[in-house]
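The values are calculated or read from the model by the stated rules, or taken from the named source; none is laboratory data. Just so it is clear, the structure is predicted and the values come from calculations on it, not from any experiment. So basically every Cβ, Gly included, is an ideal-geometry build from the backbone, and we count neighbours across all protein chains shown.
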Amino acid sequence: MFFLSCNKPAKRRKMASMNISEDLSNTFAIQKIRAIKQRKSSCQERIKSLKKLLEWIKKNQEEISKAIYADFKKPAAEVAITETAYVLMEIKHAIKNLADWMKPKKVPSPIYFMGSKSYIHFEPKGQALIIAPWNFPFNLSVGPLISALAAGCTVCLKPSELTPHTSALIRRMCLECFEKEEVAVFEGDAEMARQLLSFPFDHIFFTGSPGVGKMVMTAAAKHLSSITLELGGKSPVIIDKSYDVKDAVPKVAAGKWINCGQTCIAPDFLFVHESQKEQLITSLIQQIKKMYPARKNSISSNKDYGRIIGQKHLNRLQHLLVDAQTKGAAINFGGEIRKEDNYMEPTIISGMTEEMLLMKEEIFGPILPIITYSKTEDVINYLVQKPKPLALYVFSEDKSCIDQLLQNISAGSMAINDCGIQYLQNNLPFGGTKESGIGKAHGHAGFMAFSNEKSVLKQRKGKTPLNILYPPYDLKTNKIITGILNYLAKN
């Protein structure tokens, strides 16, 4: 394992950095050789790699759960739902569909290509770099790895340094399942990521914040590497006036407070009609108490509720909360913080204004701001001025209302009458747009992210219709060209 510490003597840090650079260079070199060989890898060879991963995860589910709990006390049930089960589902989906995904895709030929054949051949992009985040440390490391293996790429994977137990487990898993030429794991901090990004990978898959995403994009541009950026943003919930609030509340609450709100597609803030505000807040409080019954007079004793990843993130959330209160917002529920345990209670806050940091920054924590509206148009006018979110959640049974929001508000994904479940549908591409991300992932979309669509055209032997356009451009040829242009202009 490679960890860089700022309190090491300068000489030791320099030596550690040199060792890391040498290891990275060697790994990159041997993966380059392997990547060339894997261009002609068969479906069965790729499935064999996926099955190794599948069997290892099935045998080590308890170890995965323990590692993630050790990092930030994520409950075992949450680990099963959001980490292990999803990854197993993604592997099985890839194994089942890989033969179809790899099959060359025929495309029709225009009349002037009569006699030729055209198709798309899907080849591995080559060497891939995956930089994973801490909030779903197993899922968001292994998910892209599945897609890269399905596409036939070699992989350097850097899990998050903020979840060291899970990162060590991922390293062990890859050592037991793969040769280093195929998959290599590098543990470490931002310096490790910086060094990895200095290499000319063919594709980079990054999940994290928009700020770091810009740095990754800048590094990728130096080598013209293609990228997938899964970022985040302030994903809004809109509850239509005619919708039953009691139906929406359990779905919103689960989407918001699972993983302590540390989810890129978690509801960031909620719009409710002014006539339903009090009912909504009352129902949300009841749902929180139902989901996390207080033990010893505090939710902190409930084992089904996790923790904030670390002090830095907890301090940031506390600052957001204090800023909002100072500027006139009111806490309707929650707000309790215990720094010794990185605990923050599920929190509902209302009376929001534009000046508050809660309305400017992605929250990424268990705080849910409530905003009232009188007309749907007001919600649309507000959201179209903001950065495009990763997800949009609409609770409505009014088709005209749904269509109005669908057509006017741009987002990476949209779920109607639920929260977060679109992520689990691996027949749907997942990803953001502009500020919330670039490129798509999961299932076939993930396979395509790590694949190059090579265009292939096979011409027949002998003369073809296009021969008439070859030089010399005499009078006859010019007349033909003019006729073709006139035809194309009119039809």
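Quick notes on this structure:
- Answer from E179, E191, E187 - the residue that is over 23 Å from I81 (Cα atoms), assigned to a helix (DSSP H, G or I) and among the charged types (D, E, K, R): E191
- Of all residues in the stretch 459-483 being surrounded by 10 or more Cβ atoms within 10 Å (Cβ to Cβ) and either in a loop (DSSP other than H, G, I, E, B) or touching a residue at least 60 places away in the same chain (Cβ under 8 Å) (or both), the one that is nearest to the chain's Cα centre (by Cα): Q459
- Residue among A324, A254, A219 that alone is touching a helix residue (DSSP H, G or I) at 6+ places or on another chain (Cβ under 7 Å) and within 30 Å of A441 (Cα to Cα): A219
- Pair list, Cβ under 9 Å, 6 or more apart: the stretch 319-331 residue without any contact (Cβ under 8 Å) to a residue 24 or more places away in the chain, other residue surrounded by fewer than 12 Cβ atoms within 10 Å (Cβ to Cβ) and of a type in the set (F, W, Y): none
- Checking I409 against (1) exposed (fewer than 13 other Cβ atoms within 10 Å of the Cβ); (2) assigned by TED's automatic domain parsing to the domain that holds D247, the condition it does not meet: (1)
- Positions within the stretch 105-131 being assigned to a helix (DSSP H, G or I) and surrounded by 13 or more Cβ atoms within 10 Å (Cβ to Cβ), in sequence order: F113
- All conditions in (1) within 16 Å of the chain's Cα centre (by Cα); (2) assigned by TED's automatic domain parsing to the domain that holds Y373; (3) more than 20 Å from L358 (Cα to Cα) hold for V216, with the sole exception of (2).
- Any hit, the stretch 258-271, residues being assigned to a helix (DSSP H, G or I), touching a residue at least 60 places away in the same chain (Cβ under 8 Å) and either more than 26 Å from A168 (Cα to Cα) or in contact with a strand residue (DSSP E or B) (Cβ under 6 Å, 6 or more places away or on another chain) (or both): no
- Residue selected from the stretch 319-342 under the condition part of a helix (DSSP H, G or I) and surrounded by fewer than 17 Cβ atoms within 10 Å (Cβ to Cβ), by the criterion farthest from the chain's Cα centre (by Cα): T326
- Note on the stretch 50-104: residues that are among the small types (G, A, S) and surrounded by fewer than 20 Cβ atoms within 10 Å (Cβ to Cβ) amount to 6.
- Listed conditions (1) touching a strand residue (DSSP E or B) at 6+ places or on another chain (Cβ under 9 Å); (2) outside the structural domain of S209 (by TED's automatic domain parsing); (3) not β-branched (V, I, T) are all met by S400, apart from (1).
- Residue count for the stretch 165-197, restricted to those that are in contact with a helix residue (DSSP H, G or I) (Cβ under 7 Å, 6 or more places away or on another chain) and polar (S, T, N, Q): 2
For (1) touching a Lys or Arg at 6+ places or on another chain (Cβ under 8 Å); (2) under 28 Å from G310 (Cβ atoms), each residue gets a yes or a no:
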residue	(1), (2)
I363	yes, yes
L368	yes, yes
Y373	no, no
P387	yes, yes
D398	no, no
D403	no, no
S410	yes, no
G420	no, yes
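- Criterion violated by D418 - all others in (1) farther than 30 Å from D378 by Cα; (2) part of a loop (DSSP other than H, G, I, E, B) satisfied: (1)
- For D403, the conditions (1) in contact (Cβ under 8 Å) with a residue 24 or more places away in the chain; (2) surrounded by fewer than 18 Cβ atoms within 10 Å (Cβ to Cβ); (3) more than 21 Å from G233 (Cβ to Cβ) all hold with the exception of (1).
- Subset tally (residues that are in a helix (DSSP H, G or I) and surrounded by 12 or more Cβ atoms within 10 Å (Cβ to Cβ)) for the stretch 288-318: 12
- Among the criteria (1) out of contact with any Phe, Trp or Tyr (no Cβ under 9 Å at 6 or more places or on another chain); (2) in a helix (DSSP H, G or I); (3) not β-branched (V, I, T), the one G213 does not fulfil is (1).
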